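So the structure is just underneath, and the comments pick up after that.
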Amino acid sequence: MTEEMILANATLVLPDETVTGRVRVVGDSIADIDTGASVPAGAVDCEGDYISPGLVELHTDNLERHIQPRPKVDWPHAAAILAHDAELASTGITTVFDAMRIGSIPSGSARYLKYARGLSQELWDLREQDALKISHFLHLRAEVCSETLVEELDEFGPEDRVGLVSIMDHTPGQRQFRDLSKLEAYMKGKYAMDDDTFMQHVAHLKGLRDRNGEKHEVETVKAANRFGAVLASHDDTTEEQVQVSAGHGIRLAEFPTTVEAAQACHSHDIKVMMGAPNIIRGGSHSGNVAAQELAELGHLDIISSDYVPSALLLSAVRLGQMWDDIARGLRTVTQTPAQAVGLDDRGVLRTGARADLIRFRMRAGVPALNAVWSRGRRVA
């Protein structure tokens, strides 16, 4: 028998406004939406709590954090995947594009071994067992400054739910790490490098970029087309870099580092995504442009939790408060990211959409989640 649920007397977060009303869910879909504060017999009285679409996360390193909670610690992958899945559900995320780096460096001081093909298969094995609470897709982060990117791209195909491919270039001295002192502090702090080791690391990465960068960019664009995936840029800094991105057919820019780049993205009809921690902290940990500045200028479209899953809802609410428009704030983590990757069945409260829903209220100035549903099933 198909289950039915009515969430009534709620503040519904619609695409362009918030209204008092109710949502009726039948099975895994929204059956209808109505306005008014009445609570029909058998309905859940939400007492004015917000009901919003479930959050859509396009870029998170959270799974990597679970499989390697400390440097050189490899956690059992099935346990890590399940913990990651449950953590995201608990923060209101109902669709996630799990970011996995492809493009390894098996030699030299920058040694970094591949992992994405095996980990993604373990993820899909758990999905086949219906062990996961929320909806998962792959986000392959293609590192052009590497040795094995082409071989690793060839390990994936259209059947692998690769929804997003980002072209990443972490060569020291440009993009995210234009300021080498920021990279130096990061590497010395995380890996205890001394001065000589750090300079060798920088020289090795620059050499890899010189040898492989252009070829890797070309092959990444080809692979994204083969997967049927959306192609994204990463850390665009200049207008010239954005022009290159546009030439590749990119329609999503992850974390542009300057106002110039963000403005150029919008002039090329490229959506701009920034990190939630940047909003919460009031700036970038790498010293790049503040997400709030882009929001004030109208150059911010999508928020990603990046490395703090719980920051996604909080950052959207903060944007809504800044814009004096909660619906607009929530749209950066629901409808807009869903549309950016071609998922038109979620991210919005409307009849026929997936019943991915969250219920929250404000407590001490922050959103406190009361419940989360994925396809009509309560998962948190």
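Note that segment 85-124 carries a Kirkwood radius of 12.3 Å, evaluated over its alpha carbons pair by pair. Axis angle, to the nearest 10 degrees, between helix 311-323 and the longest C-alpha principal axis of the chain: 70 degrees. Computed from the Cα positions only, the extents of segment 309-380 along the three principal axes stand at 33, 26, 22 Å, in decreasing order.
In this label model, ASP194 and ALA79 are separated by 3.6 nm, measuring between points 7 Å along each Cα→Cβ vector.
Each 5 Å bin from 0 upward holds the following percent of the Cα-Cα pairs of segment 91-164: 3, 15, 24, 23, 15, 10, 7, 2, 0.
3J(HN,Hα) along segment 148-159: 10, 4, 4, 4, 6, 4, 5, 7, 10, x, x, 7 Hz, from the Karplus curve 6.51 cos²θ - 1.76 cosθ + 1.60 with θ = phi - 60°, whole Hz, x for Gly and Pro. For HIS234, the accessible surface of its heavy atoms amounts to roughly 10 Å² (probe 1.4 Å, protein chains only, rounded to the nearest 10). In plain terms, the chain from ASP345 to SER29 could stretch by 112.8 nm, reckoned as 0.36 nm per residue minus the Cα-Cα distance.
Under a 10 Å cutoff between Cα atoms, tell me which one of LEU252, LEU330, LEU369 has the largest fluctuation in the Gaussian network model of the chain. Per the Cα network of the chain with a 10 Å cutoff, LEU369 tops the list. Classified by the C-alpha gyration tensor, segment 242-380 has an oblate form. Its axis ratio a/c, with a ≥ b ≥ c, is 1.5 or above, and a/b does not exceed b/c. With a Förster radius of 30 Å applied to the beta-carbon distance between LYS222 and GLU128, the computed FRET efficiency rounds to 0.55. Shown for segment 1-43 is the translational diffusion coefficient from the Stokes-Einstein equation, using the Kirkwood radius over Cα pairs, a temperature of 4 °C and a viscosity of 1.567 mPa s: 121 µm²/s. The number of Lys pairs in the chain with C-alpha atoms less than 26 Å apart, excluding pairs fewer than 8 positions apart on the same chain, is 19.
In sequence order, segment 23-36 has phi-based couplings of 10, 10, 10, 10, x, 9, 10, 7, 8, 6, 9, 9, 9, x Hz under the Karplus curve 6.51 cos²θ - 1.76 cosθ + 1.60, θ = phi - 60°, and Gly or Pro positions carry x. Normalised by residue count, the chain yields a Cα convex hull volume of 134 Å³ per residue. Extending 7 Å from Cα along the Cβ direction at GLU214 and again at ARG281 yields two label points whose distance is 3.6 nm. Given a 1.4 angstrom probe, I'd like the percentage of the accessible area of segment 257-380 that is carbon and sulfur, rounded to a whole number. The nonpolar share, carbon plus sulfur, comes to 43 percent.
The values are calculated or read from the model by the stated rules, or taken from the named source; none is laboratory data. Bear in mind the structure is a predicted one, so any value in this text is a computation, not a measurement. Ideal geometry is used to build each Cβ from the backbone, glycine not excepted, and the neighbour counts take in all protein chains shown. Heads up: the accessible areas ignore ligands, DNA and RNA and are worked out on the full protein's heavy atoms, side chains in. Shrake-Rupley method; radii C 1.70, N 1.55, O 1.52, S 1.80 Å.
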